[in-house]
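Single-structure report; data block below.
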Amino acid sequence: MSAATTRDLLFMSRALELAQRGIGLTNPNPRVGAVIVRAGKIIGEGYHQKAGQPHAEINAIADAKKRGEKISGATIYVTLEPCCTHGRTPPCTDAIKREKLKRVVIGAVDPNPHHAGHGLTILRRAGISVTSGVLAKESAELNRDFNHWITTGTPWVVAKIAMSLDGRIMPREGRWLTGPKARRVAHELRWQSDAILVGAETVRVDNPQLTVRLPGRKGKVQPWRVVLTRSGKLPRTAQLFTDEFKERTLVFQSTPLKRVLQQLGKRGVTNVLLEGGGKLLGSAFAAGVVNEIAFFIAPQIVGQGPQAIVLPQGKKWEASILPGTLTVEKVGVDCLVRGRVK
């Protein structure tokens, strides 16, 4: 295995930039970017745009051909180990061999335990020089939800809360708790998600749409709207059951949260956004299923109303944020606190 160079880091960074364009669009597949380079010049670029469509390597090869560039003997940079099995698309290792690329530089190894490292082996046996682990941490981070899902069978769970300084989630009647910039970021989180999960009380009180509403954005399949209820008593006139996306609504009655996540994982849901209310979030934290937090904190003191997190009666819970993952960002007039749950 050849060592990585400064140039390798530069071109892999570009491949990662391309991969990010697939956020919210490729699930249940990972986000992957690819760059083809000859003599220090990028001659082809591509990224995986949607499950079932060509992978990043194939799109980069097609781009190079469209530009009239010679691919044989060039180097390809890919953020994730090229696939080596037949799925909805042919193996990318076959295409790399067919186009006679002389070197492959890889970010992260395939996290699937049944495939990990196999693509590298196939390429090396074909006489192709392979360098792996270039910006591996960044490449793996880009697909943290996919990596979790493919190894556990359950989706990555993000707990999203909008709350006041005193930990309340209900502002005075007729007012938003957070500002418009924070609400747009919240829709970005929805864009990245395969499912949005709420409790029955949220449906009864708020009658939410639970859809992605980002003007100018296209290509996103609306997330599953998932409702947890003990009684099964839900208003059938609610938007979740009557709007154009009503077939994207799932209801689980008296089903333990861990089992709900297992069922969603079987549907190909790689990540879930928990949007409350407080009892559902408390149950999720108590069950230990939350992987990441996204807490929007408004500069308000409400003084009364529902708490942001309500633990089940008799349950104790203690957690912390993994070192190095905590971030605090000012979003308009509000603050967004993010981090991984330990």
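The values are calculated or read from the model by the stated rules, or taken from the named source; none is laboratory data. Quantities reported herein were computed from a predicted structural model and do not represent experimental measurements. All Cβ positions, glycine included, derive from the backbone under ideal geometry; neighbour counts span all protein chains shown.
What the table below lists for this structure:
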| quantity | calculated |
| --- | --- |
| Residue within region 307-329 that is at pLDDT 95 or above and of a type outside the set (A, V, I, L, M) present | yes |
| Of all residues making up region 204-222, the number that are touching a Leu at 6+ places or on another chain (Cβ under 6 Å) and modelled with pLDDT of 95 or more | 0 |
| Unmet requirement for G40, which otherwise passes all of (1) in contact with a His (Cβ under 6 Å, 6 or more places away or on another chain); (2) surrounded by fewer than 18 Cβ atoms within 10 Å (Cβ to Cβ) | (1) |
| Matching option when the condition is more than 14 Å from I161 (Cα to Cα) and assigned by the TED database to the domain that holds I161, among G282, G332 | G332 |
| Filtered residues of region 67-91 (kept if among the hydrophobic types (A, V, I, L, M, F, W, C) and part of a strand (DSSP E or B)) | I76, V78, L80 |
| When residues of region 159-177 are limited to those that are modelled with pLDDT of 90 or more and of a type outside the set (A, V, I, L, M), the one farthest from the chain's Cα centre (by Cα) | D166 |
| Any chance V212 is assigned by the TED database to the domain that holds G305, of a type in the set (V, I, T), in a loop (DSSP other than H, G, I, E, B) and within 26 Å of F285 (Cβ to Cβ) | yes |
| Residue list for region 69-85, restricted to those being at pLDDT 95 or above and either more than 19 Å from P113 (Cβ to Cβ) or polar (S, T, N, Q) (or both) | E69, K70, I71, S72, G73, A74, T75, I76, Y77, V78, T79 |
| Region 67-99 - residue that is touching a strand residue (DSSP E or B) at 6+ places or on another chain (Cβ under 8 Å) and charged (D, E, K, R) and, of those, nearest to A126 (Cα to Cα) | E81 |
| Among the candidates V198, V227, V185, V203, residue that is assigned by the TED database to the domain that holds K330, touching a residue at least 60 places away in the same chain (Cβ under 8 Å) and surrounded by 20 or more Cβ atoms within 10 Å (Cβ to Cβ) | V198 |
| Where a residue in region 129-143 is within 8 Å of T79 (Cβ to Cβ) and its partner, wherever it lies, is in a loop (DSSP other than H, G, I, E, B) and of a type outside the set (G, A, S), with Cβ under 7 Å and at least six apart | L142/R31 |
| Leading residue by the ranking (surrounded by the fewest Cβ atoms within 10 Å (Cβ to Cβ)) among those in region 76-104 that are closer than 17 Å to V32 by Cβ and touching a residue at least 40 places away in the same chain (Cβ under 8 Å) | L101 |
| Out of G153, G107, G179, G119, sole residue that is surrounded by fewer than 16 Cβ atoms within 10 Å (Cβ to Cβ) and over 27 Å from V260 (Cβ atoms) | G179 |
| Cβ-Cβ under 7 Å pairs, at least 6 apart or on other chains, region 25-49 side free of Cβ contacts under 8 Å to residues at least 40 places away in the same chain and β-branched (V, I, T), far side in a loop (DSSP other than H, G, I, E, B) and surrounded by 21 or more Cβ atoms within 10 Å (Cβ to Cβ) | T26/H48; I43/A74 |
| Filter result for A56 (crowded, with 21+ Cβ neighbours inside 10 Å, touching a helix residue (DSSP H, G or I) at 6+ places or on another chain (Cβ under 9 Å), closer than 22 Å to N27 by Cβ and of a type in the set (A, V, I, L, M, F, W, C)) | yes |
| Top-ranked residue of region 122-144 - restricted to ones that are over 26 Å from the mean Cα position of the chain (by Cα) and among the polar types (S, T, N, Q), ranked as surrounded by the fewest Cβ atoms within 10 Å (Cβ to Cβ) | S129 |
| Checking W224 against (1) out of contact with any strand residue (DSSP E or B) (no Cβ under 9 Å at 6 or more places or on another chain); (2) under 23 Å from L264 (Cβ atoms), the condition it does not meet | (1) |
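Let's see how each residue does on (1) within 22 Å of N291 (Cβ to Cβ); (2) of a type in the set (D, E):
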site	(1), (2)
T154	yes, no
T178	no, no
I196	yes, no
D206	no, yes
L214	no, no
